[in-house]
Structures are given as structure tokens and as C-alpha cells.
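Data block below; observations after.
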Amino acid sequence: MTSDLFSSESNASDQGVLERLAYLRGELQRHGHLYYVLDAPELPDAQYDALFQELQALEQTNPQWQTPDSPTQRIGGKPLDAFTSVRHAVPMLSIRTETDTESSGAQAFDARIRKELELTEESAPVEYVTELKFDGLAMNLRYEAGILAQAATRGDGEFGEDVTQNIRTIGQIPLRLAHAPEVLEVRGEVYMRRDDFEALNERQRSRIAQGEKGEKTFVNPRNAAAGAVRQLDPAIAAQRPLSFFAYGVGEVQGTFAVVTHLELLETLRGWGFPVASQTATALGAAGLIEFHQRMGEQRDQLPFDIDGVVYKVNSLALQQRLGFVSREPRWAVAHKYPAQEQLTQVLAIDVQVGRTGKLTPVAKLAPVFVGGVTVTNATLHNEDEAKRKDVRVGDTVIVRRAGDVIPEVVGVVPAAEGTSQNRGAMFAMLHQCPVCGSSAIREEGEADYRCTGGLFCSAQRKQAILHFAQRRAVEVEGLGEKLVDQLVDAELIRTLPDLYRLGFTALAQLERMAEKSAQNIIDALEKSKQTTLPRFLFGLGIRHVGEATAKALARHFGDMDAIMDATEEELLAVGDVGPIVAQSIQTFFDQPHNREVVEHLRACGINWPAIEASSSAPKPFAAMTFVITGTLPTLGRDAAKDLIEAAGGKVSGSVSKKTSYVLAGSEAGSKLDKAQELGVTVIDEATLMAMLSSEP
């Protein structure tokens with residue numbers, strides 16, 4: 001009975017392994033065909049690699065069930081029937097891949113090499129060539145008598161596709177070589193730069209918008225490059241911006257006297273082939289680790305995509321001695337970085353409000369490890385992008401995260417044939433801010449919706465305070481980002497007027513806030529109450545209203561209430577205001593919350609000197625030039641400058657005989673001396689204010 005039981009359990013276990021082997025082989029063959037042949041992958045690379053490694057492990061554990069048609073015994077799919085099949089004179093084999101994110105991959109490779117070469121601990125470190133692992137399409141370029149005779153894709157490693165006419169359109173690839181061997185096969189990667197990819201997709205979107213049929217955007221540069229290479233019409237391929245990097249050779253007939261891999265690359269560079277500038281040599285495992293880490297740090301700044309680095313033994317003689325095992329050379333390995341793309345499911349789509357009021361749709365995701373971190377949220381950018389990609393709740397999506405870049409949804413994975421996918425409704429942007437309830441509008445010509453409750457919306461609270469307190473606005477000296485974070489996080493400030501209600505005790509109790517520092521902030525707040533209308537108006541943070549526009553509005557209307565109540569027609573009469581700016585100003589003051597904040601700020605004591613509206617009598621300082629020097633009792637230099645300019649005067653940085661007045665404060669320097677030397681009238685702040693208030 002016991003023997004029968006164990007036999008039954010063993011059979012059940014074997015059956016489970018066989019079923020898993022059959023499933024993995026079928027899935028890898030299907031996805032390999034989609035990736036290599038049809039250029040329409042459904043799985044990110046990391047997911048494919050995981051399936052492949054699982055199959056390898058099962059076959060190594062159960063060698064009796066390994067089959068000659070397993071994906072582990074071949075490299076990819078068959079070439080497209082539309083292209084002529086090409087048999088590679090020297091097979092285009094793939095190399096072993098290490099996927100750890102730390103240093104063990106480099107250490108393990110170096111240890112294997114040293115063991116194969118029978119090196120001891122006392123032996124010198126092995127010299128390697130370190131290269132980038134490009135995310136493109138492997139290509140074999142065959143030159144006969146120095147002329148490009150044929151270009152072929154890798155295909156399944158033994159047979160590829162003849163794409164010569166399309167490859168000829170790549171300007172980086174030489175059509176003729178001088179002093180080359182009789183036959184030379186150059187191997188490398190066809191890829192698309194990121195900026196070229198973005199420009200291509202922008203053109204594709206434009207064509208789609210114009211109703212051109214058959215056009216589509218591309219998911220990533222690798223897909224775009226592969227699609228261009230496999231265009232049946234070379235004229236279309238020529239419109240796709242492709243690039244090329246060389247990294248090795250295939251068949252060579254004739255003299256090719258090089259002894260190291262680096263020398264080989266330098267020779268190719270001499271013939272005019274691009275070789276990545278990051279290619280270098282490294283000694284031992286330490287050198288490999290340093291290169292892997294350095295390129296990982298630079299990865300996101302490169303103008304093209306990579307998914308890892310490659311280590312190769314530099315000596316060609318040692319490469320030959322090490323040879324090959326199964327489908328891979330022993331003398332090379334690819335060391336991948338954490339996957340930047342993964343699959344997951346959309347659980348919900350929320351709208352987030354940014355620091356400046358921008359409304360962004362965000363996909364809430366089933367947790368997935370991508371780009372070295374666990375991701376649960378990914379941006380959809382804006383309503384147009386969400387609709388273009390047709391991302392809905394319930395979808396399986398590809399999520400991408402590159403370095404510190406916010407994760408984004410790249411695209412939706414279609415449901416497999418014969419299955420159903422429970423999809424939610426198409427996303428539509430909210431027309432009210434989900435945080436404060438203010439209107440959310442989308443200005444003409446813009447992709448983003450924005451909350452209009454800038455002074456009231458809690459999502460924009462920190463940004464609104466920092467903008468209001470900056471030097472070019474009301475200027476609250478010492479009120480920086482860290483202090484604002486503390487004040488808002490402790491809920492001591494909810495709106496701008498709360499700044500002027502802060503008490504000494506509350507400030508002094510904040511972390512790293514001494515009594516003297518707290519008093520300095522109280523004093524700075526009190527001083528900031530004396531400002532100018534342009535600076536106050538700029539400080540409100542109205543979209544499109546910069547310093548120049550704020551000054552123009554103040555000069556034209558002369559009064560805050562007049563600006564708040566102005567019609568669109570009245571606003572358009574201001575020289576610096578166009579339709580978009582006028583609409584933005586009106587929308588801002590149409591929100592009762594924003595008007596309340598302005599009134600509360602004035603009630604807290606913020607004030608400014610009156611300004612004559614531009615329709616009134618001539619400006620008192622017309623045709624006058626002022627120079628400001630020293631520290632004024634209550635006004636900052638920018639505030640004084642605003643007042644002078646609002647009264648029609650000009651402010652210069654140097655004193656000359658043409659200077660009308662020098663406005664001097666305490667600790668005035670050489671400008672005061674120059675004024676006295678030239679006999680220019682010197683005035684103080686009190687005199688300036690009296691001149692402004694007097695009748696012209």
C-alpha cells in the first residue's frame with residue numbers, strides 16, 4: 001500500500017512538471033513570435049525573461065524531458081515571409097543574462113572566467129571590455145570587397161531576414177569601406193534615439209488627427225526601430241529616424257589582424273562605424289562592478305535606451321580558448337538593470353491636484369515591482385493621453401518607470417483571444433477640483449485642466465504661500481520652503497491670511513526654531529504689510545499674470561477692486577493683456593474663495609500707496625530718472641522701484657548728470673558720493689512718498 005501511494009504521488013508530481021513545461025514552451029514560443037517576428041510584444045522583457053529562466057531551471061532539473069524544439073535550444077522566431085531568408089555564415093548567438101540588481105552578477109561571471117582559465121588568487125585580474133546593452137534590433141552587415149552587400153536581422157540566430165534596402169537608409173552605416181577584408185560581417189544594434197522617437201510619435205499623432213488611415217503611435221523606441229527596419233517600402237523606412245552602434249563581427253575572410261576585442265572595435269570605428277563612447281576596459285570583478293554602477297547612474301541621461309551592460313573577455317585568444325556552451329559564449333555575459341516595464345492591472349483612476357493646480361489622472365495599480373521599486377500609482381498625464389491610450393479600470397497595462405521619473409502607463413495589453421476583459425467606462429476629466437470644489441478649466445490650446453481656487457485650494461497651499469512670500473512679491477524674509485512645510489503640515493496655516501495671524505509662541509515651538517528666529521519671522525511679516533499693488537497682485541499667483549502684467553494692470557486700473565471687477569473688454573484694454581490672460585484673471589476673481597482671501601489679507605493690514613489710473617492726469621514722475629541706493633526704512637528696493645515706475649518714472653542702476661533724483665537709505669555707498677559730486681538731488685523715503693501723494 002505504501003509503495004503504491006508513493007508511486008501515485010510521484011506520477012502526479014511528474015505530470016505537474018510536464019504540464020508546466022508544456023505551458024512554458026507554448027507561452028515562450030507565442031511571445032517570441034510576437035516579439036521577434038511581428039514586432040507586437042505583449043510582455044515586457046522582464047516577464048519574458050522570468051518565464052525563460054523558469055523553463056531553463058525545470059529542464060536542468062529534469063534533463064530527461066528536454067526537447068530539441070524547446071525555446072531554450074533556439075534563440076527566437078522565424079523571419080517574416082515578406083523578406084528573403086538569409087542563413088548566417090556565423091550564427092548570431094545570444095549571451096547569458098544576469099538579472100541581479102547588485103554586484104553578484106559581475107562577481108559570478110569573473111569567478112567563472114577565472115575557473116575556466118585555471119587562474120589562481122595570485123594571478124593577475126582578467127581584462128574585460130565593458131559595453132552597453134542596447135534596447136534595439138540586432139543586425140548583421142555583410143561587406144564584400146568593401147561594399148555593403150547585405151543586411152540581415154538576427155531572426156532565430158541561424159536564419160534572419162534580408163533588410164538591405166531599409167538599412168541603406170541609415171546614414172550612420174557606411175556603404176563602402178576602404179582597406180577592409182574581402183568579406184567582413186559587422187554586427188551591431190539598430191536603435192532609435194529617444195528624441196527621434198518622441199518626434200516620430202508626434203508626427204504619427206498629427207497624421208492620426210488628420211484622419212490618415214493605418215497610422216499608429218509606437219509604445220517604445222525598440223518597437224519603432226523594429227517596425228522601421230521591417231518596412232516593405234524603403235521610402236517609408238527612410239522617414240523613420242534610425243541609428244546604429246557596432247559591437248562585433250561575424251564572418252571574416254582576409255586579413256584582420258587584431259588581438260583584442262577593444263582593438264576590433266577601434267578598427268570598426270576607424271572604418272566609420274559608430275561605437276558607443278561609453279565602451280571601456282575593466283580589470284577583474286571590481287572593474288565590472290564599477291562600470292555597472294556608473295552606467296546605472298547615467299542610464300536615464302543617455303539619449304537612447306539600454307537595459308543593461310555587457311562584459312566580454314578582451315583577449316580574442318582567450319575568447320577562443322573559452323569557447324561556447326549550448327547557445328551562449330562562455331566569454332561574455334549581459335548584466336541587466338531592474339526592469340523599467342512590467343505588467344499590472346488598473347484598479348481605479350483618480351484625479352490628483354498638483355502644487356500649481358494642474359489636474360492629473362492617475363491610475364491606481366495592483367502593486368508591481370518595476371524600476372527597482374514597488375509601484376502602485378502611475379500617471380496618465382492628461383485627459384487626451386488617457387483617452388488616446390484608452391486606459392480603463394480593469395485593464396492589464398504596461399507600466400514604465402525609468403530612474404526617478406514618475407511611473408507612467410505605456411499602453412493597454414489587449415485581452416487574449418477567446419477571453420473577456422471586464423473594462424470600465426472611458427475616462428473623463430472632472431470639471432470641479434476634487435480637493436476644494438472650485439471650477440476646473442482647460443484653457444484654449446492647452447492639454448491640462450487646472451483648479452481655479454489657487455488661494456483657497458489646500459493642494460496648492462504650500463506653493464501659493466511660497467509664491468506670495470517671495471522677494472518679487474510681498475517679500476517675507478526668512479519664510480522658506482522648509483518653514484512653510486512645517487507650518488502647513490502642523491496646520492498652523494490653511495490660507496494666506498493665516499500667515500499674518502501667526503503668534504510668536506506657535507512659531508517658537510516649531511522644530512529648530514529659536515526665539516530669535518521666531519521674532520525675525522514676526523518682524524518680517526509685519527514689514528511685508530507695506531507693499532505695492534503690482535507686487536501684491538503678482539503675489540496672488542494668478543495664472544499668466546507675471547510681474548510685467550501685474551504692473552500694467554496696476555497702472556491701468558490703479559485700484560485692486562477695479563481689477564477684480566473688470567470685464568473682459570476692460571481687461572483687454574490693458575496693453576499687456578490678451579484674451580487668454582483676460583480669461584485667466586476673470587476666472588480667478590469669479591471664484592468667491594479667492595475674493596475672500598484678498599479681503600482677509602487687506603483686513604490683516606496689507607496695504608499699498610494709491611496709484612493714479614492711467615486715464616487720469618499725467619504721471620508725477622514722467623520723464624524722471626531715479627537711482628536707489630542703501631537700505632530704506634520700510635520699502636524694499638523692488639517696492640520703491642514699483643512705485644516710481646507706476647508714477648511714470650524710470651529707475652537706473654548708475655548715477656549720471658541725467659539722473660533726476662537719488663533715493664538714499666542707510667548705509668548708502670558710492671552712488672551717494674557720485675550724486676553729491678555731480679550735484680544730483682538726494683531724497684529719502686519720506687520725501688519720495690510725499691512726492692507721490694502730491695498733486696502733479
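The values are calculated or read from the model by the stated rules, or taken from the named source; none is laboratory data. All values derive from a computational prediction rather than experimental measurement. Glycine also receives a Cβ, built like all others from the backbone with ideal geometry; neighbour counts cover every protein chain displayed. All accessible areas refer to the heavy atoms of the entire protein, side chains included, with ligands and DNA or RNA removed. Shrake-Rupley method; radii C 1.70, N 1.55, O 1.52, S 1.80 Å.
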Exercise for the section: Compute the semi-axes of the equivalent ellipsoid of the stretch 275-357, taking the square root of 5 times each eigenvalue of the Cα gyration tensor, and list them largest first in whole Å. Expected result: 38, 18, 10
Exercise for the section: Compute the accessible area per residue over the chain, keeping the other protein chains in place, probe 1.4 Å, unit Å². Expected result: 48 Å²
Exercise for the section: Return, for the Cα atoms of the chain, the radius of gyration and Dmax in Å, separated by a comma. Expected result: 34.7, 121
Problem - Unpaired by the 4.7 Å Cβ criterion, cysteines found in the chain - result: Cys604
Completion exercise
Once both label points are put 7 Å beyond Cα along the C-beta direction, the Val488-Gln60 separation in nm becomes 5.2 nm
Exercise for the section: Just tell me which lysines come within less than 21 Å, Cα to Cα, of Lys389; anything on the same chain fewer than 8 places away is out. Expected result: Lys213, Lys216, Lys358, Lys364
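Just to confirm a number: summing +1 for Lys and Arg and -1 for Asp and Glu over residues other than Ile236 whose beta-carbon lies under 12 angstrom from that of Ile236, what do you get? Before the final figure, lay out the partial values.
Details: positive: Arg230, Arg240; negative: Glu215, Asp233.
Cβ neighbours under 12 Å give a net charge of 0.
Tell me, in nm to one decimal, what length is gained between Ile683 and Gln293 on full extension, where the rule is 0.36 nm per residue of separation less the Cα-Cα distance?
On the way: separation 390, 0.36 × 390 = 140.40 nm, distance 6.30 nm.
Answer, rounded to one decimal: 134.1 nm.
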Handout entry: Cross-link reach list, lysines versus Lys312, counting only Cα pairs under 30 Å and skipping chain neighbours closer than eight places
Key = Lys78, Lys115, Lys133, Lys336
Exercise for the section: Could you name the lysines whose alpha carbon sits less than 19 Å from that of Lys650, not counting residues in the same chain fewer than 8 places away? Expected result: Lys551, Lys619, Lys641, Lys658, Lys671, Lys674
Exercise for the section: Search the structure for amide H atoms under 5 Å from the amide H of Asp307, placed 1.01 Å from N in the peptide plane, and list their residues when 5 or more places away or on another chain. Expected result: Lys133, Asp135
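Ignoring ligands, DNA and RNA, how do Asp576, Asp642 rank by accessible area with a 1.4 Å probe, largest first?
Working: Asp576 75, Asp642 15 Å².
Descending order: Asp576, Asp642.
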Handout entry: Exposure of Asp590 as accessible area (Å², to 10), given a probe of 1.4 Å and all protein chains
Key = 110 Å²
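Could you tally the net charge around Thr659, taking each other residue with its Cβ under 13 Å from the Cβ of Thr659, Lys/Arg +1 and Asp/Glu -1?
On the way: positive: Lys650, Lys657, Lys658, Lys671, Lys674; negative: Glu677.
Result for the local shell: +4.
Note down the Stokes-Einstein diffusion coefficient of the stretch 459-575 in µm²/s, whole number, using a Kirkwood radius over alpha carbon pairs, 25 °C, and 0.890 mPa s.
Values: Rh = 15.3 Å.
This corresponds to a translational diffusion coefficient of 160 µm²/s.
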